[in-house]
1. What is the calculated FRET efficiency for Asn52 to Lys22, with r their C-beta to C-beta distance and R₀ = 25 Å, to the nearest 0.05?
2. Please report the relative contact order for region 2-46, taking Cα pairs under 8 Å with a sequence separation of at least 6, and give it as a percent rounded to a whole number.
3. Any idea how many Lys pairs in region 6-138 come in under 18 angstrom at the alpha carbon, given 8 or more places apart or on separate chains?
4. At Leu134 and Ser108, where each label point lies 7 Å from the Cα along Cα→Cβ, what is the point-to-point distance in nanometres?
5. For region 6-138, give the magnitude of the charge dipole about the Cα centre (Cβ charges: +1 Lys/Arg, -1 Asp/Glu; no others), in debye to the nearest 20.
6. Round to the nearest 0.05 the FRET efficiency obtained for Ala123 and Asn30 when R0 = 22 Å and r is the Cβ-Cβ distance.
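Read the figures in this text as sums done on the coordinates, not as results from a lab. Because the structure is predicted, anything quoted here is derived from the model rather than measured. Counting neighbours? That spans all protein chains shown, and the Cβs are built from the backbone with ideal geometry, glycine included.
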Amino acid sequence: MKKYNVFDCSIIELDRHHSDRKGNLTVVENGVTLPFDVKRVYYLYDVPGGENRGSHAHKELEQLIIAASGSFTVTLNDGKCKRSFFLNRPYQGLYVKPGLWRDLDDFSSGAVCMVLASEVYKADDYIREYEVFLKYRNA
Ligand code: TYD
């Protein structure tokens, strides 16, 4: 499998339907919006100030990470380079390729981190130890 680096990941601008008086609506549709089909959605919320999440890599999973509310920072790491993305718009998503370590921190009060994922949950797709991740990258 190709090893992606942090520069293969980017912010995707999502479709935004704006109504002056009634607010906004954003759509994500399989086959239209993303380079993968969504099989699972999960979200992080009530993250206490100063806490961090993530600290793992996925071997095959692709994800779109969206700040559905509030803000937080996602730092991607390919073993050589790190790249941080500040997410604070519900109409923007960070497209994360497989094989990258990610750390999420700097959660604002009330932040909701919504993740659209290309696969169902598989515990063996995770790499949770940084040393193992570095070996995986260098293999
Ligand atoms: P984890 O992926 O470690 O959260 P984070 O890295 O964002 O801090 O998941 C936390 C717990 O939730 C862990 O026990 C596994 C469980 N979980 C599921 O059961 N299904 C899922 O789809 C996800 C993402 C997590």
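1. Taking R0 as 25 Å, the efficiency between Asn52 and Lys22 is 0.10.
2. Value for region 2-46: 21 percent.
3. So the count of such lysine pairs works out to 13.
4. A separation of 3.5 nm, rounded to one decimal place.
5. Roughly 120 debye for region 6-138.
6. After rounding, the FRET efficiency stands at 0.35.
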